[in-house]
Amino acid sequence: MNETALSCANLSRYYRTRDGLLSRPKWLKALDNVSFELSAGQTLAVVGESGCGKSTLARVISMIEPPTRGQLVITGTAVAEAPPRSIRTLRSRIQIIFQDPYGSLNPRKKVGSILQEPLIINTDLSRHQRRDAAAAMLDRVDMRPEHISRYPHMFSGGQRQRIAIARALMLKPRIVVADEPVSALDVSIQAQILNLLMDLQASLKLALVFISHNLGVVHHIADHVLVMYLGRTVEQGAKQTIFNQPLHPYTRALMASTPFVDPSRRAKRVVLTGELPSPLNPPSGCAFHQRCPRAQDRCQHERPNLRDIAGRRVACHFTEQQSIDDRSGD
Amino acid sequence: MAVPGAAPHPLLEFWGDFRRNPGAVAGLAVVLLMTLIAIFADTIAPHEPNEQYRDALLLPPVWSAQGSADFILGTDDIGRDILSRILHGARVSLSIGFLVVTLALVTGVLLGLVAGFARGVLDIFIMRSMDVMLALPSLLLAIVIVAILGPNLINAAMAVVIVQLPHFARLTRAAVINERAKDYVTASRVSGAGVTRLMFITVLPNCMAPVIIQGTLGFSTAVLDLAALGFLGMGAQPPTSEWGTMLSNALQFIQRAPWVVTFPGLAILLVVLAFNLLGDGLRDALDPKLKR
């Protein structure tokens with residue numbers, strides 16, 4: 001296999017919150033003990049409901065926020081131990097594409113200067129070389145050369161997202177984090193942007209962390225899948241393994257809620273009741289037990305650890321049971 | 001979805017929005033006219049502003065029976081031509097107003113920018129001092145400052161700068177905090193931008209719309225405050241032809257020769273009104289929330 005581009009061990013990010021001046025501060029565990037490894041050229045899809053910590057994970061691995069605990073290793077260098085001098089180099093190896101292409105481009109800057117900014121900060125290329133590099137990148141994302149001197153508000157959402165992708169690639173990063181890059185776009189545009197992202201990933205050997213709540217898109221793009229619930233990993237493994245036989249009840253519910261045109265692919269609907277609990281006040285035991293169709297007494301008291309079962313890692317007490325049921329049920 | 005190339009340049013779009021407001025256009029015209037008058041006061045004024053015509057004391061304007069074509073707006077109590085003094089007064093008012101707004105804007109924006117970026121203790125320190133300054137009535141504060149520094153035009157201008165500064169600081173800080181949370185700032189940070197770059201190149205240009213509006217509105221407040229200080233004898237000192245000073249000098253003749261007070265007062269009114277209209281028009285055109 002390829003070299004490991006990105007590896008996270010027990011990555012956690014807690015926020016301290018206070019209700020009032022006198023109340024005790026509480027810890028909001030937005031991200032709790034997430035671990036994974038990703039090789040160059042591979043795509044990891046992070047899935048989960050809104051508020052499950054997907055975007056926090058994106059912010060932590062793209063070094064926007066430091067992890068509260070755990071280790072982040074980018075192209076073989078541990079970020080926490082890296083000397084300040086090499087932090088900048090590390091930063092340029094990991095770039096992020098945001099969800100909302102309307103907020104992610106500076107409205108006062110022309111596309112040319114948006115694309116050149118990373119080069120101005122990180123390289124000592126001449127003005128001419130920078131301009132050429134920006135034009136070449138614009139061409140790579142299928143935009144026309146004259147677009148370079150226009151302002152972001154002159155473009156559609158899809159075009160803006162192309163520009164955002166181009167900006168992320170200006171520094172030739174090894175890892176790209178895409179935080180729901182297509183969910184703000186028209187359905188007709190989504191496929192174009194996804195295909196562009198996949199083409200660029202293949203030709204540049206990028207490691208891609210793809211954050212999404214659209215399982216259809218994930219099925220299209222991912223090599224590995226990580227399912228999150230309330231800041232924790234509930235199931236992670238190779239895409240085929242997880243899509244063919246999801247073992248965690250939450251993953252099953254997510255899969256079942258994905259619409260498929262082909263009736264034979266539709267799973268039996270598992271309707272989740274209730275809402276995502278507040279991460280400020282997480283349920284005891286298994287965070288999912290209040291909504292889980294298989295929940296038993298044990299789930300209320302004992303938090304399941306991630307275990308290696310059937311080729312993936314799952315955090316559920318009854319995984320074995322589930323996998324036996326699956327075999328006998330069909 | 002926008003067709004590429006269909007949207008006009010932001011400046012053109014701004015002009016289109018601005019032009020639709022007749023008051024704002026009139027304000028802009030008066031401001032431009034006043035600026036020209038201030039620049040060319042020496043050429044267009046019929047007389048020297050401080051020259052005293054002893055044979056023409058308190059002469060009424062040209063349209064009244066005793067008026068003379070030499071002194072179109074009449075003369076004051078020591079025979080100086082009121083029109084020439086008003087024209088030269090425009091120079092004083094506008095240049096000092098410009099100085100005041102520039103200084104208040106630059107320092108206020110810097111303070112607001114630093115407060116918005118630093119947060120924490122520095123933010124609290126800067127913003128609470130601004131609140132203290134805002135809590136005092138502006139003219140009273142200005143009078144105290146001039147009383148400490150001594151009454152002359154430059155000290156009065158400094159006093160007005162200090163009075164205006166908190167408005168700019170607050171506006172900038174609010175805009176900075178709002179902009180800083182946006183993804184394009186994070187994107188800049190991810191590509192390695194340092195704090196200085198983020199402050200001045202990434203964030204500041206996006207915070208300027210409210211500041212520019214406050215600048216135009218602040219200009220009219222500055223002119224008015226300076227005239228008030230001049231009227232109270234704490235701003236420009238005689239014989240400088242400053243509008244507020246002209247008013248206070250002529251106050252005792254308001255019954256006998258109302259024109260001596262009327263015309264400087266009208267000049268103040270006109271400039272203040274023009275800048276307010278201009279500022280309102282700029283706000284309507286620049287503020288995206290007020291767009292159709």
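The values are calculated or read from the model by the stated rules, or taken from the named source; none is laboratory data. These numbers come from a predicted model, not from an experiment. Quick reminder, even Gly has a Cβ in these numbers, built from the backbone with ideal geometry, and neighbours come from all protein chains shown.
The table below lists the values:
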| read-out | value |
| --- | --- |
| Single condition B:Phe168 does not satisfy, out of (1) at negative phi; (2) within 14 Å of another protein chain (Cβ to nearest Cβ) | (2) |
| Spans of strands (runs of 3 or more DSSP E) in the range A:1-111 with at least 2 residues farther than 24 Å from A:Lys205 by Cα | A:4-17, A:26-39, A:69-74 |
| Test for B:Val223: is it more than 14 Å from B:Val114 (Cα to Cα) and surrounded by 19 or more Cβ atoms within 10 Å (Cβ to Cβ) | yes |
| Selection from the range A:132-163 of residues that are among the basic types (Lys, Arg) and within 18 Å of A:Phe98 (Cβ to Cβ) | A:Arg160, A:Arg162 |
| The one condition in (1) hydrophobic (A, V, I, L, M, F, W, C); (2) part of a helix (DSSP H, G or I); (3) touching a residue at least 60 places away in the same chain (Cβ under 8 Å); (4) more than 8 Å from chain B (Cβ to nearest Cβ) that A:Val176 fails to fulfil | (2) |
| Tally, over the range A:107-120, of residues that are within 7 Å of chain B (Cβ to nearest Cβ) and buried (at least 24 other Cβ atoms within 10 Å of the Cβ) | 2 |
| Restricting the range B:1-47 to residues that are more than 14 Å from every other protein chain (Cβ to nearest Cβ) and in a loop (DSSP other than H, G, I, E, B), the residue that is modelled with the highest pLDDT | B:Phe40 |
| Residue check for A:Ser183: at pLDDT below 90 and away from every other protein chain (no Cβ under 11 Å) | yes |
| Residue match in the range A:197-214 (condition: at pLDDT below 90, out of contact with any strand residue (DSSP E or B) (no Cβ under 7 Å at 6 or more places or on another chain) and either more than 20 Å from A:Gly53 (Cα to Cα) or not in a helix (DSSP H, G or I) (or both)) | yes |
| Boolean, A:Gly76 is touching a Lys or Arg at 6+ places or on another chain (Cβ under 9 Å), away from chain B (no Cβ under 13 Å) and not hydroxyl-bearing (Ser, Thr, Tyr) | no |
| Residue within the range A:132-151 that is touching a residue at least 40 places away in the same chain (Cβ under 8 Å), within 13 Å of chain B (Cβ to nearest Cβ) and at negative phi present | yes |
| Residue among B:Met158, B:Met199 that alone is in a helix (DSSP H, G or I), farther than 18 Å from A:Gly103 by Cα and in contact with a helix residue (DSSP H, G or I) (Cβ under 8 Å, 6 or more places away or on another chain) | B:Met158 |
| Selection count where residues are under 19 Å from B:Gly108 (Cβ atoms) and surrounded by fewer than 21 Cβ atoms within 10 Å (Cβ to Cβ), scope the range B:172-191 | 5 |
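Every residue, every condition in (1) touching a strand residue (DSSP E or B) at 6+ places or on another chain (Cβ under 6 Å); (2) more than 14 Å from every other protein chain (Cβ to nearest Cβ); (3) of a type outside the set (Val, Ile, Thr), yes or no:
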residue	(1), (2), (3)
A:Leu6	yes, yes, yes
A:Ala40	yes, yes, yes
A:Gly48	yes, yes, yes
A:Gly70	yes, yes, yes
A:Arg85	no, no, yes
A:Ile97	yes, no, no
A:Pro101	no, no, yes
